[in-house]
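Only one structure is covered here, and it is reproduced in the block below.
The values are calculated or read from the model by the stated rules, or taken from the named source; none is laboratory data. Source: prediction; values computed, not measured. Cβ coordinates were reconstructed from backbone atoms using ideal geometry, including for glycine residues, and neighbour counts include every protein chain displayed.
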Amino acid sequence: MRGEVLHYDDAHGFGFITGEDGNRYTFRREDLTHSFPVSRGVAVEFLESGDQARDVSPPLAAQQAPATLTATPIAMPAARPTPQRYGRNAVGNGDPGRGQATGLWGHFWTGITANYANFRGRARRKEYWGFALFYTLGMIALAAVGVAIDAAAGNFDYGYEVPVATIVIVVLAFLAGAVPCIAMGVRRFHDIGLSGWFYLVMFVVGLLLAGSVTILAIVLGLIPSQKRENKWGPAPDGVEAAVPAR
């Protein structure tokens, strides 16, 4: 797969790549196939393994470029092409440098697929609310399906009144969505500069103070992203970088 280096910390040998599929992958220095300059915006090729990038190397054309120049030393150097961008950093709508926006549904879908158990990195407010919106709507829809099944099966008849289908469907959906919900909350805490363990604190407070977890979840979704790189990664796409004071 082709992609672009989003961030690389040479001191720690750790970085991120945005793939042409729109997903973000992590990589380490040992994942590089050989030594080459690695910095933000460099185009690379790699093999994906979950959310990890393996065998990271420059594109084949870039590897062959020195041989071409050596074979024709008297040729005038060709104009350097504009680096190609992929995924969320792709240039679109004739506006150079402007990334394609990811919608609320796109954030939700990524949250239950590529980022299903991703507890690293950061999640901006739009990603958090997109996931919360469609997760809530999905749970409501599944509960409605369960109620319809129970009504058709007579589970609400007098003397029985146990909505078996509704309970089973809602519980299974809750269990299936527990991991991506926690992962999203952890990445949101990372985005505001706090450890993901604060999600556990929020959960405990919610158990001790009934109903407070909903208030805390809303507050978590309202706090702005840190407009700079922090220990959990660079500022997410779409977040305006902070301008250094002069």
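When the stretch 113-160 is examined, which residues are found to be outside any helix (DSSP H, G or I) and touching a residue at least 12 places away in the same chain (Cβ under 8 Å)? Outline the logic, then answer.
Let us first name the residues in the stretch 113-160 that are outside any helix (DSSP H, G or I), namely 113-124, 154-160.
Residues satisfying the conditions are ALA114, ASN115, TYR116, ALA117, ASN118, PHE119, ARG120, GLY121, ARG122, ALA123, ARG124.
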- Message: For the stretch 212-235, give me the residue count where each residue is surrounded by 12 or more Cβ atoms within 10 Å (Cβ to Cβ) and either among the polar types (S, T, N, Q) or not in a loop (DSSP other than H, G, I, E, B) (or both).
- Response: 11
- Residues of the stretch 23-57 being without any contact (Cβ under 8 Å) to a residue 40 or more places away in the chain and assigned to a strand (DSSP E or B), which ones? TYR25, PHE27, ARG28, LEU32, SER49, GLN52, ARG54, ASP55, VAL56, SER57
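Within the group GLY196, GLY130, GLY154, which residue is farther than 30 Å from LEU222 by Cβ, outside the structural domain of GLY15 (by TED's automatic domain parsing) and not acidic (Asp, Glu)?
GLY154
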- Message: Looking for something touching a residue at least 40 places away in the same chain (Cβ under 8 Å), surrounded by 13 or more Cβ atoms within 10 Å (Cβ to Cβ), in contact with a helix residue (DSSP H, G or I) (Cβ under 8 Å, 6 or more places away or on another chain) and assigned to a loop (DSSP other than H, G, I, E, B) - is there at least one such residue anywhere in the stretch 188-201?
- Response: yes
- Task: Restricting attention to the stretch 9-22, report how many residues are surrounded by 20 or more Cβ atoms within 10 Å (Cβ to Cβ), in contact with a helix residue (DSSP H, G or I) (Cβ under 9 Å, 6 or more places away or on another chain) and touching a residue at least 24 places away in the same chain (Cβ under 8 Å).
- Result: 2
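Listed here are the residues, each with its yes/no results for (1) out of contact with any Ser or Thr (no Cβ under 8 Å at 6 or more places or on another chain); (2) within 19 Å of ASN118 (Cα to Cα).
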site	(1), (2)
LEU6	no, yes
ASN23	no, yes
ARG28	yes, yes
SER39	yes, no
